[in-house]
Structure formats: C-alpha cells, structure tokens
Amino acid sequence: MLDPGIDIGRIGASFYKSWIIAKRNFFTIFEVIFWPFIGLMSIGLMSTFFSMAQTTASFLLIGAIALSIIQVCQIDIAYVMLFDMWSKSVKHTFMAPVRGFHLIIGSLLFGILRSTFVFILLMVLSYYFFGFDFLVAGVWPTMVFLSGLFLTSVSVGILVCISILKFGQRAEVAAWTLTGIMMFICGIYYPVSMLPHGVQIIAKAIPLTYFLEYIRSFYGFGEANVMLGFALGFFYLVIGMLAMDRAIIDARRSGMLLKLSE
C-alpha cells in the first residue's frame, strides 16, 4: 500500500542523495558546462564555416541542445546505480525500504534541475554566438519540447539501471552508448527520412524522434505528432518502472546485489 507522505519523503531522500553526490564531485561540472558548451560550439562553428542557411543551422543547433539535455538528465538517473556500484554499496541502498520509483523519480527531479540549467545556458550561448533564438516557437512549445526530452531521458536512465542490476559492471557502458545510438537513429543532426526504411521504423518507436520533429516544425521543417511521442514516452516509463522493481527482486535472488557490494 502506497503512503503519499512516506513516498514523498523517500523521493526527497533520493533527490537529496543526488544533490550531495553532485555537490561533492567536482567533475560533474563537465556534464553541465564543459561538454554541452563544446557540443554547441562545435556544431555552431561548423555551420558558420560552411555558411549554412539560418534554417539549416537551426536544425543542427536544436539537435545539439537536445542531445546535451538528454545526456545530462539521463546520467543523473543512471547515477542511482552507477555511484553505488562504483562505491560497492548497492546492497546498502536496497536495505532501506525503497522501491525503484522512489529512486528514479527523485533522481529525475534532480536531473530536470540540472538539465534545465544546461538548456538556459545553451539557449543564451546559441543566441549570443550564432543568433539562434530558441524561443521563436514560443514559451509553451519550448516547455512541451523540454518535457518530452525529460520523459525520454528517464526511459534511458531506467534502462541503464536495469542493465546494471542484470549484468553488473559490464553494463555501465550503457550509460554513454545508449544516447549515442539514439543520436544516430532519431535524427539529431539529420532528418530521419535519410535513414534506411528499417531504421526509420525503429526511429518511429522512440519518443525523441517526435519531439525533435515537433520543435523543428516551428522552423519550417514539416509537421510532427507530438502526442504520439508523449504516449510512447509514458508507456515506456510505466513499463520501465515495473521492470526496475522486477530487476531489483531478481538481483536479490541471484546475488547480484552482493556482487556489486562489499
């Protein structure tokens, strides 16, 4: 039986844990400032060098900003398992009366906080250096777009956590490779229509594809079914939460929690 007061407290504890870890780890600054800055400037300078039209440059800059937001948000969710695994303390986390959704939602809220900061930073930089106004679409469509990116990120983060519980340390590479795969499939830097037909079918099953098409539609790049993106995103979220709880139970039974701990 769920108790809203207790659940909120446990979610808050997960958020606070993420905050403490980030505050004490200097190198997290690279995730929220350095790499997003490098990614944006690389794409922006390339578009300037090739004298791209403003619409083409906008297409690329939207992709660069979206990729940075997803990388920052999903890694905060993946850190639920990664930091515990690296510190050999996974079993200690699950000695507490927490469920998967407590950990995921708490870390998601922290990921939203950090990735929103990244978005504001990149939005200002892209306007100052390249004259790209991300708010051309308006505040509401921008918020819809960001919500879609957060929803996509949580699915990726959950998949990383489940992979670690199933396969142990071998799966930590998923935290960095999954976003790379999505970059290729979902059309971060090019239209999905350029991909082989079979890959396009896969792209249509990933919510990020629809959110990119949605925000780009305000810059003259066709239409998008953003509601289908949200429907897919919430479907994967529910399935992911259930699978996370199942993975925790299986990890207890198989001894994986002990293998990832001291």
Summarise the long-distance tail of P(r) for the range 108-247 by giving the % of C-alpha pairs beyond 18 Å.
62
Fewest first, what order do W86, W140 take by the number of other Cβ atoms within 10 Å?
W140, W86
Footprinting exposure proxy for E213, E223 (fewest neighbouring C-beta atoms within 10 Å first):
E223, E213
What's the percent breakdown of Cα-Cα distances in the range 8-256 across 5 Å bins, shortest bin first?
1, 6, 14, 18, 19, 16, 12, 8, 5, 2, 1, 0
Would you order F132, F83 from fewest to most other beta-carbon atoms within 10 Å of each residue's own beta-carbon?
F83, F132
Suppose each label sits 7 Å from its Cα in the direction of the beta carbon; what would the D7-H197 distance come out to in nanometres?
4.5
Please report the Cα spread of the range 1-50 along all three principal axes, rounded to whole Å, starting with the longest.
59, 25, 10
Using alpha-carbon positions, what is the distance between the centroids of the range 121-170 and the range 184-262, in Å?
12
Where the only charges are on Cβ atoms (+1 Lys, Arg; -1 Asp, Glu), what is the dipole of the range 8-256 about its Cα centre, to the nearest 20 debye?
900
Mean residue ellipticity at 222 nm from the helices of the chain, using -39,500 (n - 2.57) per DSSP H segment of n ≥ 4 over the full residue count, to the nearest 500 deg cm²/dmol?
-25000 deg cm²/dmol
Give the aspartates and glutamates reachable from K259 as a straight Cα distance under 15 Å; neighbours fewer than 8 places away on the same chain don't count.
D84, E172, D250
The chain: relative contact order from alpha carbon pairs under 8 Å, six or more residues apart, as a whole percent, is 26
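Each reported figure results from applying straightforward, stated rules to the coordinates on display, with no laboratory input. All of these numbers come straight from a predicted model, not from anything done at the bench. Every residue, glycine among them, receives a Cβ derived from its backbone with ideal geometry; neighbour counts consider all protein chains shown.
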